[in-house]
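Okay, so here's the structure we're looking at.
The values are calculated or read from the model by the stated rules, or taken from the named source; none is laboratory data. A quick note: this is a predicted structure, and the numbers were derived from the prediction, not measured. Positions of Cβ are backbone-derived with ideal geometry, glycine not excepted, and every protein chain shown enters the neighbour counts.
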Amino acid sequence: MELIKNGAYLVNGREIVENDERAGAKLSALGLNINSQADKDNLKKNTIAYGILTGHNTGADNTHLKIKFDKITSHDITYVGIIQTARASGLKEFPIPYVLTNCHNSLCAVGGTINEDDHFFGLTCAKKFGGVYVPPHQAVIHQYAREMLAECGGMILGSDSHTRYGALGTMAVGEGGGELAKQLLGKTYDINMPEVVGIYLEGAPSYGVGPQDVALALIAATFDSGFVKNKVLEFVGPGIANLSVDFRIGIDVMTTETTCLSSIWETDDKVKEWFDIHGRPEVYKELKTADAVYYDSFIKIDLASIKPMIAMPFHPSKAYPIAEVLASPADYLHECEERARVSFGDSINYSLADKLADGRIRIDQGIIAGCAGGGFENICDAADILRGADIGNDKFSLSVYPASMPVYMELVKNGRAADLIEAGAVIKTAFCGPCFGAGDTPANNAFSIRHSTRNFPNREGSKLQNGQISSVALMDARSIAATAANKGILTGADELEGIDFTRPKYFFDKGIYEKRVLDCVGKAQPGTEIQFGPNIKDWPEMKPLGRDLLVKCVSEIHDPVTTTDELIPSGETSSYRSNPLGLAEFTLSRKDPEYVPEAKKVRALADQVSGKAGDDQSAEIIDEYKNVIDVLKSAGIETDESKLSIGSTIYARKPGDGSAREQAASCQKVLGAWANIAKEYATKRYRSNLINWGMLPFLYDDEDIRKNDYIFIPGIYDAVKNKTEQIPAVIVHDGSVRNVSFRLGELTDDERTIILDGCLINYYKH
């Protein structure tokens, strides 16, 4: 895999010319003369991505985009909050198709009736506002979108970070709920024209290699450097023709883990056939680049060079060829233990030494599931490997979750389901639980291998605060099946010989959805009464930003990256995402259990200073606050308390990797936060979530902010309004003051107003 940072030209879809001092002569030899920056800029417009983005832009120019999407989609741990936000902001009817899927809180094992209450809320809202309701167990969100929503040249916005349908010619973006609420209210998704990275595929995958292997290799090559962060990946090259559409989809869905913004692929007759099979031939059209195109950066991938991969705990980017890990297993296990010490410190005794058995790594659990692993081809190949095998009756177990009921039906019809069951696997329904910690949680100290999307700490459902820890590695379905056939001894699919990959043809039964899915698009029933459950609560009142700001740092995190799973844990907490106050109790619970009580103290202080009755205020924090004000006065810094916003903040080096969940930000806001302070933000979507909940996404180059520091930002209201680039601030630490400077980065005018108003809901009320 070769990364070309300075950009490259692609001529006739095959000739790659790097953007260096020799580029002019090489291009001239190919009949292309680039004499100015304008010539290069014109070639940038020849990308597939540029055409789709500008085709959906409602703004005055193609530099600052104002995108209106064709369709939006959510699942059952996001759509309640989104609809509640939109209702509070004046929603009358869904203006575009909005699909409400139910694939996360599908099981009702936590919190009594509250998961099914959310489902009935979604069902009645689909009727009232004119949406689509997909019942639990019918399909995971992304599989339904592929089968029923994607179209070549279209754009879809989803409230799940793995909203990626580029292999089907659809530019899809995963964002926090606030961005979907904007679309429901007729507003736009505002971004600058993103850079486009050409991903040039050549060759063909070798024996035993699946889409997850290619995806993990790409993630490993790009994540740490931020090579594709917030950019669009455009897949081109002759290697695409050597991949089935299912294979392309399997790579595409994992591009989220590179931190890119979106993805798009060239389309061909295989994609046309895919849409024909799914009964939607009219949505196909060929997408390909022009004869000459310029990419801001470029990646060349020889598919034949990719080997079966394993992403070791605790991140998809920690990926290596399985053969390399097996050659020195103790070294790789020790490396995981060292990473754990960075994340967990001394809070838990973590060791993988007991996973070594006769020089091999012993696995406790295998999972093939969800939007990444649950595709038809993945499961059929796994079944071919396991036909006639026996996974054993010891610790190792294997669960398989087809991504939709139509996929499940075809596996039953063609006998692959029987092959899996005969080998000892368990087949379950379409459910995202194993991916986010609400299904198949491993035992304490267990090691799980999964064809799913993420393997962050505790994402699989274990609880550090309760002394639980387990490990997840990501692998392709084929190597998971090979490991299962070897009764849990880690095995790459390329180690097996003589497997006949039969690749049966897929037949899609749309009638399954026609019997169960409620489609009210264009048929809104305004008189329908929304069905609420006792756990579904309105958003609490949020105040506008004051003239000055005083925040207390109640948590500091110096890990290289902080995931949204650490900011607000997944798993059983997802059942409380319809209850802003209830969910907020879990904020940072697996990273910093002291965060919630400390944030509440600051919130109570803010209530007292503003004259609002609230929680009981501790005398300690009141005295602390008075002391801070005195210290500021001693330094000649005055503030009018009637115009002062008081709240909490966190310092994290690089927060926001992973899920699009807006609750990673909204829970902080509910607890009284006014800002995050960071060296950088891991993803655009987390930063957007902060802004939509009225929090300041401060950038600060140093790491000297400590827990319990107070930070005073005088004139913050005017600084935001007037687009001040360097914002003076004062840190109060142990009775002394230190002058520093914060930045907010680029903000649109609307984003500035949202922050000033205190949140998106207030913005729309105004």
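Miscellaneous remarks
- Residues being part of a helix (DSSP H, G or I) and either in contact with a Cys (Cβ under 7 Å, 6 or more places away or on another chain) or surrounded by fewer than 24 Cβ atoms within 10 Å (Cβ to Cβ) (or both) - total across segment 85-102: 2
Listed here are the residues, each with its yes/no results for (1) under 14 Å from Asp296 (Cβ atoms); (2) modelled with pLDDT of 90 or more.
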| site | (1), (2) |
| --- | --- |
| Asn12 | no, yes |
| Ala29 | no, yes |
| Asp39 | no, no |
| Lys44 | yes, yes |
| Ala49 | yes, yes |
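- Restricting attention to segment 328-348, the residues being free of Cβ contacts under 8 Å to residues at least 12 places away in the same chain and assigned to a loop (DSSP other than H, G, I, E, B) number 3.
- Residue match in segment 349-372 (condition: within 17 Å of Ser462 (Cβ to Cβ), of a type in the set (Gly, Ala, Ser) and part of a loop (DSSP other than H, G, I, E, B)): yes
- Residue in segment 113-124 that is assigned to a helix (DSSP H, G or I), of a type in the set (Phe, Trp, Tyr), in contact (Cβ under 8 Å) with a residue 40 or more places away in the chain and surrounded by fewer than 24 Cβ atoms within 10 Å (Cβ to Cβ) present: yes
- Residue within segment 217-224 that is crowded, with 16+ Cβ neighbours inside 10 Å, touching a helix residue (DSSP H, G or I) at 6+ places or on another chain (Cβ under 6 Å) and part of a helix (DSSP H, G or I) present: yes
Listed here are the residues, each with its yes/no results for (1) more than 30 Å from Ile449 (Cα to Cα); (2) of a type outside the set (Gly, Ala, Ser); (3) part of a loop (DSSP other than H, G, I, E, B); (4) in contact with a helix residue (DSSP H, G or I) (Cβ under 6 Å, 6 or more places away or on another chain).
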residue: Asp190; (1), (2), (3), (4): yes, yes, no, no
residue: Pro194; (1), (2), (3), (4): yes, yes, yes, no
residue: Ile240; (1), (2), (3), (4): no, yes, no, no
residue: Asp246; (1), (2), (3), (4): no, yes, no, yes
residue: Ile249; (1), (2), (3), (4): no, yes, no, yes
residue: Glu257; (1), (2), (3), (4): no, yes, no, yes
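- Residues of segment 291-322 satisfying the condition of being of a type in the set (Gly, Ala, Ser) and closer than 25 Å to Glu460 by Cβ: Ala311, Ser317, Ala319
- Checklist (1) more than 25 Å from Asp640 (Cβ to Cβ); (2) part of a loop (DSSP other than H, G, I, E, B) applied to Lys543, failing item: (1)
- Neighbours by Cβ (under 6 Å, 6+ apart or cross-chain): first from segment 567-595, touching a residue at least 12 places away in the same chain (Cβ under 8 Å) and outside any loop (DSSP other than H, G, I, E, B); second among the β-branched types (Val, Ile, Thr) and surrounded by fewer than 24 Cβ atoms within 10 Å (Cβ to Cβ): Glu572/Val110; Ser575/Val110; Ser575/Ile114; Pro580/Val670; Ala584/Val670
- Of all the listed residues (Leu696, Leu690, Leu747, Leu671), the sole one being out of contact with any Cys (no Cβ under 9 Å at 6 or more places or on another chain) and surrounded by fewer than 21 Cβ atoms within 10 Å (Cβ to Cβ) is Leu747.
- Test: residue in segment 309-332 that is closer than 29 Å to Asn12 by Cβ and over 27 Å from the mean Cα position of the chain (by Cα): no
- One residue alone among Ala323, Ala382, Ala304 is within 30 Å of Ser106 (Cα to Cα) and either outside the structural domain of Ile449 (by TED's automatic domain parsing) or not aromatic (Phe, Trp, Tyr) (or both), and that residue is Ala382.
- Subset of segment 530-563 (residues that are of a type in the set (Lys, Arg) and in contact with a Pro (Cβ under 9 Å, 6 or more places away or on another chain)): Lys537, Arg547
- Candidates in segment 387-404 are the residues that are outside any strand (DSSP E or B) and of a type in the set (A, V, I, L, M, F, W, C); of these, the one that is farthest from Thr441 (Cα to Cα) is Ala389.
- Some residue of segment 211-218 being under 23 Å from Asp500 (Cβ atoms) and either in contact with a Leu (Cβ under 6 Å, 6 or more places away or on another chain) or among the acidic types (Asp, Glu) (or both): yes
- Residue list for segment 705-737, filter: farther than 19 Å from Tyr681 by Cβ, of a type in the set (D, E, K, R) and free of Cβ contacts under 8 Å to residues at least 24 places away in the same chain: Asp734
- Residues located in segment 14-27, provided they are closer than 18 Å to Ile301 by Cβ and of a type in the set (Asp, Glu): Glu15, Glu18
- Filter pass, Val720 being outside any helix (DSSP H, G or I), more than 27 Å from the chain's Cα centre (by Cα) and either in the same structural domain as Asp750 (by TED's automatic domain parsing) or surrounded by fewer than 24 Cβ atoms within 10 Å (Cβ to Cβ) (or both): no
- If the condition is being over 29 Å from the mean Cα position of the chain (by Cα) and in contact (Cβ under 8 Å) with a residue 24 or more places away in the chain, then segment 513-526 contributes Gly522, Lys523, Ala524, Gln525, Pro526.
Quick grid of which residues meet (1) at pLDDT below 95; (2) among the basic types (Lys, Arg); (3) in contact with a helix residue (DSSP H, G or I) (Cβ under 6 Å, 6 or more places away or on another chain); (4) over 30 Å from Thr163 (Cβ atoms):
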site	(1), (2), (3), (4)
Glu377	no, no, yes, no
Pro402	no, no, yes, no
Lys428	no, yes, no, no
Asn458	yes, no, yes, no
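- When residues of segment 430-452 are limited to those that are in contact with a Lys or Arg (Cβ under 7 Å, 6 or more places away or on another chain) and outside any helix (DSSP H, G or I), the one modelled with the highest pLDDT: Phe447
- Check on Asp749, over 24 Å from the mean Cα position of the chain (by Cα), modelled with pLDDT under 95 and over 21 Å from Asn627 (Cβ atoms): yes
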